[in-house]
Structures are given as structure tokens and as C-alpha cells.
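Take a look at the structure below.
The values are calculated or read from the model by the stated rules, or taken from the named source; none is laboratory data. Just so you know, these numbers come straight off a predicted model, no measurement behind them. Cβ placement follows ideal geometry from the backbone for every residue including glycine, while neighbour counts extend to all protein chains displayed.
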Amino acid sequence: MLRFVLSRLLTFVPTFFGVTLVSFAFIRLLPGDPITLLAGERGISQERYDELAAQLGFDQPLWMQYFDYLAGIFQGDLGVSFVTKRPVLDEFMALFPATLELSICAITLAVLIGIPAGVIAAVNRGKFFDQALMTTALIGYSMPIFWWALLLIIVFSSGLGWTPVSGRMSLMFFIEGPTGFMTIDALLSGQEGAFKSAVSHLILPTIVLATIPLAIIARQTRSAMLEVLGEDYVRTARAKGLAPLRVNGFHALRNALIPVVTVIGLSVGTLLAGAILTETIFSWPGIGKWMVDSIFRRDYQAVQGGLLIIAVIVMIVNLTVDILYGAINPKIRNR
Amino acid sequence: MSDASSATARTIAQAPPSPIRDFWNAFKENRGAVMGMVVFALFLLIAIFAPILSPYPPDAQFRDSLLVPPVWEDGGKWQFPLGTDPLGRDMVSRLIHGARFSFFIGLVVVTVATFFGVVIGVIAGFAPRWLDTIIMRIMDIVLSFPSLLMALVLVAILGPSLLNAMVAIAIVLQPHFVRLTRAAVISERTRDYVTAARVAGAGRLRIMFRTVLPNCLAPIIVQAALSFSTAILDAAALGFLGMGAQPPTPEWGTMLAEAREFILRAWWVVTFPGLCILVTVLAINLMGDGLRDALDPKLKRS
């Protein structure tokens, strides 16, 4: 097991350096001179140019620049945003809880609906219920979520007036709390109605962001369950006369969950990509919207930093899933 | 002479059923897949014959008919069955031309990603260990970035245009083909028929691309079909974010972005382009599922 973990960690290291190389290359690959680009459209004087070049190390040879960049990363220095003049890491950390809160809600919703739906479909294989569920799942899987979000806004926000159109919190409240999770901070603040407002702002973005993972989880659960339901031990459990719920829920689902958990772990990338669209549409102040805004503001330092952190998050999650999977499944571990 | 012809007759009788017929028999069992194929064929025809089918050019403006609702709503005109957009352009004509863009995007992106992915994958599968490791680590690096984010950043580097969006999406999709091809190649490489070909004196390239590759095609074809829908979705998402096709191109995602501010006043300008994306992507995914079940019994969802 230790050898397995070590070998996975060993493949992590070159990938990590590769990712830093990609984010390092990003600013240098932009057409035009990086400093003129960073300075924006107002233009820049020669002295200021030289000063910036020296400050950012652009007067150094490329390999030196890369080593400086790497050294900065290990000290948590991802550069300073050119628009807000704040450290990129601080900006990221300030916005990350919003994305995390939304993602946690979305994945929870996806799991709570997706797994039971997959199990029910598998148990009723071929029947109407199975077909209806799987058709719905395929529609969800094929959904352009930016359009889905607009439809939900048309129906629930402007049509029925049930949910707000954008943001995290009604302007009536000012919540600044220890966790950065608006729902929790609202509860802690004790302001009446704040929690309700936070939840109502969460509903539509959560549904939109959960759609594709939900479809994937339902499909994966169904196919994993079908595989397990054909196994001998399930037949034995059934032959022993155990109640169907116990057989399906306990014997089968527990074993079918292994691939499902993998899929859940691997959907972090999907979630973050979905967060880009969801947050942009709902003006959700998280890192997805921040990345898009930064690209449009030509705040390339911010884009570079965000790119690196997001990739590292995805890598760490994938690595963890990989190791957990190996821990559960000896066949993988000893390969 | 008669011996020879009877021998041929026997071979024909014993010949295995053609793989294409086998495939079709398995494929047509799946009602959803057939339905998907019919819709996809329609979509293809619309894309090809767009200039003939569409009543007006996609950028023709009717200044006296801004935001006309669809014909079944109050104020709708038969002249514009699905209404007009804020600039007075016919929705039907724009949507029909949009099919062209989506199909073109899907085709080009999948061709490019499949071609490079398969070639690199075959090379990795046959390469010495160090080269294989380098290739796969590079693919890991590309896959560490969420696809849409990577595409966005690439477009930021290349500049926002439809072509650059396509290049970006192809780059993002291509590692999947590399992984898939490599895995298939590695499992085929040690089979007896490969050894036989090598003993018979086949060169390295011939073994790679003529002997082994054809036996790895099933999962690649399935992946290509599913990537077609991913390409359409991602291109639409980039268009929606303003990083893909630029207005006034009648690309479905770009149309949605242009229509966004009218969402409360004119539901049709938002609803129809998205519906087109959904139906097209759904049809392709249905077909892809059917392809997988028919081509690759091992992966069968059963």
C-alpha cells in the first residue's frame, strides 16, 4: 500500500511542475510584450516600463524567471493583480469560499438524487421507470447549462418571483463572517431573514451546477448496480430470503458505490468548469466569475494565479481519489 | 474450374457475417440510438442545405419588425414563424445557419483531436518506457485544467474567434483520445497476430498503424461520437462567454449571449437557440450510447 501511495505521489510531482510551467508560459505566450499587456491600454512610460520589468523580473533570462516564479509559488506568492493591486492569492482566497459553498451544495444535491435514482433504475431495469429516469439523465448530461440557467431564471425568478436573479445575499443584509460560507455566516450573525435570503440565492445556481454531475452519477450508479446485481453473492443474499431492500441497499449498493465514488471525485473538474458558467450567469462572486472577469479585464497576473491554483486543486482531488480507490480495491493497487 | 468455383462458394458460405451488418443489427435494437441518428441526419441535412432552406439571409435585418414574437403568440407574423431578434433578424434563418456552424465545429474539432490523439496514442503505446511516460505526463498536465477553463485561457492567448475556440477545444479533447488509444494499443500489442505480423517481416510503422490500430478503433469511434457533442457544447459555451464566434455570427451560443439582456421581454430569443443546442447534443449522445453498445460489447451498459 505504501508503495502504491508513493508511486502515485511520484507521478504527482512531474505533473505539478508541468502545471507550473503551463501557468508560467501563459503570460509569455500572450501576443505582444507582457509588460505592455499588463499595463493595459493606457500605455506606459519608458521609466515605468523598466521599473516594472525589473520588479517582475522580465529583464532576467527565461529560466531565471521560471525559478523565481517557482520560488514565489512555494512561498505562497502568486504575484499581484494588476487591476486591484492586491496579491492574487488573497483575492483567490477571498472568493474561494463562495465557489466552495456552491460546489458543496451542488455535489450534495447530485449525490442525494443521483444515487437513489440510479439504484431505482437498475432495480427496475428495462421498465418504464428505468427508461424515464435514464432519458432524463441523458437530457441532463446533454444540457447546455448556461441556457438551462437562463430558463430557470425566466420561470422561477421573473415568472414566479420565487428566487432572486443574482448574487449571494440580499442587499438588506451585510454579512461578514468567519467561515465565508454565506449560509453559515448568516445563521451566526443572528440577523432575521438573512439565512433565508442566503438559501434563496443558492437554490438556482445549485440546481444548475448540479445538473451534469447528477446525470453522470445517476448513469454510473445504474450501470455499477446492474453489474453488482448479477453477482453470486447478491443472488445468495436473495436466496437466503433477505428483504429486497436489504439486498439492494446493503449488499449491492455498498459494492456498487466504489466506481460511483470515483466518478464523484473526478467530477471536481466538471464542477469548476461549470462554476465558470454558473457564476457568470448568476453574478455569484466566486472564482469562476473572477477568472472570466480577469480574462476580460486583461488582468493576466490574476488569470495566471487562478489557473495554477485551480489545476492544483483538481490534481490533489484526483490524487486523493486515486489513492482511496487503491485502498479499497487491491486489484488496482497491485497492478 | 468447377472445383475452384465450388471452393469459392464454400468460402462465401463460411464467411463470417459482415461486421457492418452485425453492427447495424445491434445498433437498430436501440430505439433511442436510432432516434438520435434520425435527428442527427436531419441536423446534417439542415446544415448542408442551410442557404436553400432558410427564408432570409441570417444577417438580413427587418427594421420594422424588431422582437416580433413567434407566430402562435399575440403579435406574431407568419413571415417570421419563430419571431425575430432585437435587431429584426429572422430567428428561423439564424437557427438554420447556426446548425451549419455547430456541425462544422463538431466535425473539425473531432477530426483534429482524433487524428492527433490517435497518432500520439499509438506512438505512446509502442514507445520505449521513458517516451511513453513523458507523453502521458504531458497529457495529465493538460487534463489537470478543467476543459472550459483551459479553452478560455487558450482563447485569451490566441484571441477570441471561432477558429481559435475550435483549436482550443481540440487541444482540450485530444488527451482523452491519447489515453484511450494507448490503453487499447497496449492490450493488443502482445497478441499473437501482432507477433505473426512481425515474424512475417512487417515494419514497425506497418505494425503500428495497419496491424494494431484497426483493432483498437471501436472505443475510439465511440469517443469521437461523444466528443462531437462536447465540442458543440463547449464552443457554444465559449460563444456565450464572448470568447468564441463573435456577433453577428449566427452561432447558437453567441446568439444566446446577444439575447441575454432581452430574457425578460422576449423569451423566444433565449429559448430557441438553447433548445437547438440541447436537441443536437442529445441526439449525438443517444447515437454515441448506441454506438458504444453495438461496437464494444465489453463496455455495454446492458
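Could you tell me how many of the residues in segment A:82-99 are under 17 Å from A:Gln55 (Cα atoms) and modelled with pLDDT of 85 or more? Total meeting the criteria: 3. Of all residues in segment B:61-75, those that are at positive phi and either modelled with pLDDT of 85 or more or more than 34 Å from the chain's Cα centre (by Cα) (or both) total 1.
Of the helices (runs of 4 or more DSSP H) contained entirely in segment B:37-147, those carrying at least 3 residues that are aliphatic (A, V, I, L, M) and without any contact (Cβ under 8 Å) to a residue 12 or more places away in the chain fall at B:129-144. A single member of A:Leu308, A:Leu271, A:Leu319 is under 18 Å from A:Ile27 (Cβ atoms) and either among the hydroxyl-bearing types (Ser, Thr, Tyr) or touching a residue at least 40 places away in the same chain (Cβ under 8 Å) (or both), and it is A:Leu308. Is it true that some residue in segment B:165-177 is in contact (Cβ under 8 Å) with a residue 60 or more places away in the chain, closer than 30 Å to B:Gly239 by Cα and among the β-branched types (Val, Ile, Thr)? Checking segment B:165-177: at least one residue is in contact (Cβ under 8 Å) with a residue 60 or more places away in the chain, closer than 30 Å to B:Gly239 by Cα and among the β-branched types (Val, Ile, Thr). Taking the listed residues A:Leu277, A:Leu266, the one that is within 12 Å of another protein chain (Cβ to nearest Cβ), in contact with a Phe, Trp or Tyr (Cβ under 8 Å, 6 or more places away or on another chain) and closer than 16 Å to B:Pro146 by Cβ is A:Leu277, with no other qualifying. Within segment A:65-92, residues that are under 19 Å from A:Asp299 (Cβ atoms) sit with their Cβ atoms under 6 Å from residues that are charged (D, E, K, R), at 6+ positions apart or across chains, in these pairs: A:Ser81/A:Glu91; A:Ser81/A:Asp299; A:Phe82/A:Asp299; A:Val83/A:Arg297; A:Val83/A:Asp299. Here A:Leu102 meets the list (1) within 12 Å of chain B (Cβ to nearest Cβ); (2) within 25 Å of B:Leu238 (Cβ to Cβ); (3) in a helix (DSSP H, G or I) almost entirely, failing just condition (1). Only a single criterion out of (1) more than 11 Å from chain B (Cβ to nearest Cβ); (2) surrounded by fewer than 16 Cβ atoms within 10 Å (Cβ to Cβ) is not satisfied by A:His251, namely (2). Considering only residues of segment B:250-280 that are at the interface with another protein chain (Cβ under 8 Å from one of its Cβ atoms) and not hydrophobic (A, V, I, L, M, F, W, C), which is surrounded by the most Cβ atoms within 10 Å (Cβ to Cβ)? The qualifying residue surrounded by the most Cβ atoms within 10 Å (Cβ to Cβ) is B:Gly253.
Does segment A:225-240 hold any residues that are within 13 Å of chain B (Cβ to nearest Cβ), free of Cβ contacts under 8 Å to residues at least 40 places away in the same chain and either closer than 30 Å to A:Ile145 by Cβ or not small (Gly, Ala, Ser) (or both), and which are they? Listed by number, the residues that qualify are A:Glu227, A:Val228. Exactly one residue out of A:Gly249, A:Gly190 is over 24 Å from the mean Cα position of the chain (by Cα), of a type in the set (Gly, Ala, Ser) and under 20 Å from A:Leu112 (Cβ atoms), and it is A:Gly249.
For segment A:97-150, filtering for residues that are more than 21 Å from the chain's Cα centre (by Cα) and aromatic (Phe, Trp, Tyr) leaves 2.
Looking at segment A:128-208, the helices (runs of 4 or more DSSP H) lying wholly inside it that each contain 2 or more residues that are at pLDDT below 85 and β-branched (Val, Ile, Thr) sit at A:182-189.
When A:Phe296 is tested against (1) among the aromatic types (Phe, Trp, Tyr); (2) closer than 20 Å to B:Ala237 by Cα; (3) away from chain B (no Cβ under 14 Å); (4) surrounded by fewer than 21 Cβ atoms within 10 Å (Cβ to Cβ), only condition (3) is not met. Filter segment A:139-151 for residues that are aliphatic (A, V, I, L, M) and surrounded by 20 or more Cβ atoms within 10 Å (Cβ to Cβ) and give the result. Of everything in segment A:139-151, those that are aliphatic (A, V, I, L, M) and surrounded by 20 or more Cβ atoms within 10 Å (Cβ to Cβ) turn out to be A:Met143, A:Ile145, A:Ala149, A:Leu150. A residue that is in contact with a helix residue (DSSP H, G or I) (Cβ under 6 Å, 6 or more places away or on another chain), in contact (Cβ under 8 Å) with a residue 12 or more places away in the chain, more than 14 Å from every other protein chain (Cβ to nearest Cβ) and small (Gly, Ala, Ser) cannot be found anywhere in segment A:31-51.
Of the numbered criteria (1) within 13 Å of another protein chain (Cβ to nearest Cβ); (2) under 23 Å from A:Ile310 (Cβ atoms); (3) at pLDDT 80 or above, the one A:Thr221 fails is (2). Of note, B:Ile157 does not satisfy the criterion of being within 10 Å of another protein chain (Cβ to nearest Cβ) and touching a Ser or Thr at 6+ places or on another chain (Cβ under 6 Å).
Please tell me if A:Glu101 is among the acidic types (Asp, Glu), in contact (Cβ under 8 Å) with a residue 60 or more places away in the chain and either in contact with a strand residue (DSSP E or B) (Cβ under 6 Å, 6 or more places away or on another chain) or under 26 Å from A:Gly265 (Cβ atoms) (or both).
For A:Glu101, the condition - among the acidic types (Asp, Glu), in contact (Cβ under 8 Å) with a residue 60 or more places away in the chain and either in contact with a strand residue (DSSP E or B) (Cβ under 6 Å, 6 or more places away or on another chain) or under 26 Å from A:Gly265 (Cβ atoms) (or both) - is met.
For segment B:88-124, residues that are closer than 20 Å to B:Pro51 by Cβ, of a type outside the set (Lys, Arg) and out of contact with any Ser or Thr (no Cβ under 8 Å at 6 or more places or on another chain) total 7. Taking the criterion of being within 21 Å of A:Ser157 (Cα to Cα) and of a type in the set (Lys, Arg), the only residue of segment A:264-304 that qualifies is A:Lys289.
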